[in-house]
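First comes the structure, then the notes that go with it.
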Amino acid sequence: MKTTTQTSGGYRDTTPARPNRRRTDRAANADPDSPFRALFRDASYYSTGRNWNDYAPAYRYGEQAFACHRGRRFDEVEHELSRDWIDARQGSRLSWVEARGAVHDAWRRARDRAFFRAHTETRAEAGTIGTIGDSGS
């Protein structure tokens, strides 16, 4: 239903905004790389002249590598990751030396998310996760 409000400059449409379905769908299927997309040019490992299409495969590779090598440290599998980067780069112009920082950042992010999920699930099973307003201790 359309509503209007009278203002000093005439009438203004005050119909409540309806959610943009396309935008909502896009948010629900958010690019897992998006946190990195906003920050990759500010990263210490950023190589001038490179773009998102160069870095996105490195971030995806880091996420996938963590999933494949769960329970191991990055430095334990780095040699293997560097060797396999040539096949995983999906059109990226980055050498392993350039991609390493992005791969490592994505690895750490995946590791931290896995830890948080495991910790939250453990607390939920133990019944120690409180509700809003609870101390949650």
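Could you give every pair whose Cβ atoms fall below 7 Å, whose first residue belongs to the range 38-56 and is under 17 Å from Gln90 (Cβ atoms), and whose second residue is surrounded by fewer than 12 Cβ atoms within 10 Å (Cβ to Cβ), counting only separations of at least 6 or pairs across chains?
Listed by first residue and then by second, the contacts come to Asn53/Gly91.
Table: residues versus (1) within 19 Å of Phe40 (Cα to Cα); (2) free of Cβ contacts under 8 Å to residues at least 12 places away in the same chain; (3) surrounded by 15 or more Cβ atoms within 10 Å (Cβ to Cβ); (4) touching a Phe, Trp or Tyr at 6+ places or on another chain (Cβ under 6 Å).
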| position | (1), (2), (3), (4) |
| --- | --- |
| Phe66 | no, no, yes, yes |
| His69 | no, yes, yes, no |
| Arg73 | no, yes, no, no |
| Val77 | no, no, yes, no |
| Arg83 | no, yes, no, no |
| Gly91 | yes, no, no, no |
| Ser95 | yes, yes, no, no |
| Trp107 | yes, no, yes, yes |
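Do we have Ala124 as of a type outside the set (Ser, Thr, Tyr) and either closer than 24 Å to Ala38 by Cα or modelled with pLDDT of 95 or more (or both) here? Break it down into steps so the answer makes sense when it comes.
Numbers: of a type outside the set (Ser, Thr, Tyr): yes; either closer than 24 Å to Ala38 by Cα or modelled with pLDDT of 95 or more (or both): no.
Here the answer is no, as Ala124 does not meet what is asked.
The values are calculated or read from the model by the stated rules, or taken from the named source; none is laboratory data. Bear in mind the structure is a predicted one, so any value in this text is a computation, not a measurement. Neighbour counts are summed over all protein chains in view; Cβ atoms, including those assigned to glycine, are modelled from backbone coordinates with ideal geometry.
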